[in-house]
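*Asks:* A single structure is presented below for examination.
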Amino acid sequence: MTTRRELLIGGAAAGLLAAARPAEARPAAAEERRILKPPRLRPGDRVGMINPARAAFRSEPVEVQAESLEAVGLVPVKGANFHKRRGYFAGTDEERADDVNAFFADPAINALFGTGGWGSARVLPHLDFDLIRAHPKVVAGFSDVTALLNGIHAQTGLVTFHGPHPRAKWSADYFRRVLFDGELVEFSNPREIPEHQLVQTRDRWATITPGKAHGRLFGGNLTVLAAIVGTPYMPDLTGGILFLEDINEEVYRVDRMLTQMHLAGLLDGLHGFVFGSCRDCEPDSTYGSLTLEEVLADHVAPLGIPAYRGAMIGHIPRQFTLPIGIEAEIDADAGSLRLLEPAVS
């Protein structure tokens, strides 16, 4: 029979063993999360261009990205490994992570902007999160960079930014208001009716479930988010407003990924939901395919939370710059999101 003394000794030994092990990466619970806001951007700031995913096979897209940053008064600086190549990646996982770590360690760099493809999730285990936490900076991008944005936020509390390089004037306006001015922006689709038409035919949105709510903004590309479910790099979405977008996915795949998030319990504690663009996400040719609208109704409407679809988020020419981790309000009747606090310090 085990004595009380043996139990105490065993418990103490287990405690010492646990203390000796390195702490495992895990996302902080909502109530524990300490939000870190990066310093706002200013004209003349130097911006690190990172390639956490695919190799830069063509020069023109890279030139456009650099010129778009210059157009808003920033100075682009390529990472040391930016043009490396290993298969379809921009170098090894360690090399791509090295650029991220190096830019966070460099006091002359004020922000990091990433490009998409596939591979950002593979660099997450190689990032120095203590370094990132000690030197908060703007980190922005979209598409595959979703993994980087959410992984960094989950591990450090740093507010990150889902948005494009500011190529279009409309997008650049939101970019400046969020990242330069720290404005309490209201994000809503434009009301544009061409002279030859009587109704708006593009950039339309629709309410799924009416109402208002507030919570911290989280989200990004659905495919990428679904791929990091169950890892330490997925933020705790409890009480949050989730925004999603995707591209070139058949409707059944969108259904499958939303089902995965639902079964994992990630949708249950949400306060609000926004679906952006899903470009080229059409029903397949098989008999009886659901539409994207029907799939969203199946998964989102039963949640009973304010929700709408059609926001200008995703792989589209004009899109918002949305901070991840900042308190915001959703108005599903008006099709809008409004920041309740500045996203930068």
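Quick note: the coordinates plus some simple rules give every number you see, no bench work behind them. Because the structure is predicted, anything quoted here is derived from the model rather than measured. Glycine gets a Cβ as well: all are built from the backbone with ideal geometry, and neighbour counts include every protein chain shown.
*Asks:* Nothing charged except the Cβ atoms of Lys and Arg (+1) and of Asp and Glu (-1): what's the magnitude of the dipole of the chain about its Cα centre? Round to the nearest 20 debye.
*Replies:* 860 debye
*Asks:* So, how do all the Cα-to-Cα distances of segment 186-339 break down into 10 Å bins, in percent, from 0 on up?
*Replies:* 11, 42, 36, 9, 1, 0
*Asks:* Tell me, what HN-Hα J-couplings in whole Hz come from the Karplus equation 6.51 cos²θ - 1.76 cosθ + 1.60 at θ = phi - 60° for each residue of segment 236-241, using x for Gly and Pro?
*Replies:* 6, 8, 4, x, x, 10
*Asks:* Would you compute the Debye intensity of segment 231-276 from its alpha-carbon atoms alone, equal scatterers and no solvent, and pass along log10 I(q)/I(0) at q = 0.18, 0.23, 0.24, 0.30 Å⁻¹ to two decimals?
*Replies:* With no solvent term, the Cα-only Debye profile gives -0.60, -0.94, -1.00, -1.22.
*Asks:* May I ask which residue of His165, Leu222, Gly73 lies farthest towards the positive end of the charge dipole of the chain, with charges of +1 (Lys, Arg) and -1 (Asp, Glu) on Cβ and the Cα centre as origin?
*Replies:* Of the candidates, Gly73 comes out farthest on the positive side.
*Asks:* I want to check the label-to-label distance for Leu290 and Val229. Put each point 7 Å from Cα in the C-beta direction and report it in nm to one decimal.
*Replies:* 1.3 nm
*Asks:* Quote the charge dipole size of segment 256-345 about the Cα centre in Debye, to the nearest 20; the model charges only the Cβ of Lys and Arg (+1) and of Asp and Glu (-1).
*Replies:* Computed charge dipole of segment 256-345: roughly 220 debye.
*Asks:* Cα centroid distance between segment 311-345 and segment 180-211, in Å?
*Replies:* If we compute the Cα centre of each part, the gap is 12 Å.
*Asks:* While we're here: If the only charges are +1 at each Lys and Arg Cβ and -1 at each Asp and Glu Cβ, what is the size of the charge dipole of segment 186-339 around the Cα centre, to the nearest 20 debye?
*Replies:* Values: 11 positive and 21 negative charges, 57 e Å.
Charge dipole of segment 186-339: 280 debye, to the nearest 20.
*Asks:* Let me ask another. Restricting to DSSP loop positions (anything but H, G, I, E, B) with no more than 12 other Cβ atoms inside 10 Å of their own Cβ, which trypsin sites (Lys or Arg not before Pro) remain in segment 124-199?
*Replies:* Sites meeting the loop and neighbour criteria: Arg191.
*Asks:* Just from the alpha-carbon atoms, what are the Rg and Dmax of the chain in angstroms?
*Replies:* 21.3, 89
*Asks:* Got the relative contact order for segment 46-167 handy, in percent, Cα pairs under 8 Å and 6 or more residues apart? List each step's numbers first, then the result.
*Replies:* Details: 238 pairs, mean separation 35.2, N = 122.
Computed value for segment 46-167: 29 percent relative contact order.
*Asks:* With all pairs of different alpha carbon atoms counted, what Kirkwood hydrodynamic radius in Å does segment 46-167 show?
*Replies:* 13.9 Å
*Asks:* In the chain, what percentage of the DSSP-assigned beta bridges are antiparallel, given to the nearest 5? Let's see the in-between values first.
*Replies:* On the way: 20 of 48 bridges.
Here the share of antiparallel DSSP bridges comes out near 40 percent.
*Asks:* Mind jotting down the distance between the C-alpha centroids of segment 256-304 and segment 78-154, whole Å?
*Replies:* Taking the Cα centre of each part, segment 78-154 and segment 256-304 sit 30 Å apart.
*Asks:* Putting +1 on Lys and Arg Cβ atoms and -1 on Asp and Glu Cβ atoms, find which of Ala297, Ala343, Val251 reaches farthest to the positive end of the dipole of the chain.
*Replies:* Among Ala297, Ala343, Val251, the one farthest towards the positive end of the dipole of the chain is Ala343.
*Asks:* Another question about this same structure. With an 8 Å Cα cut-off and a minimum separation of 6 or more residues, compute the relative contact order for the chain in percent.
*Replies:* Across the chain, relative contact order equals 20 percent.
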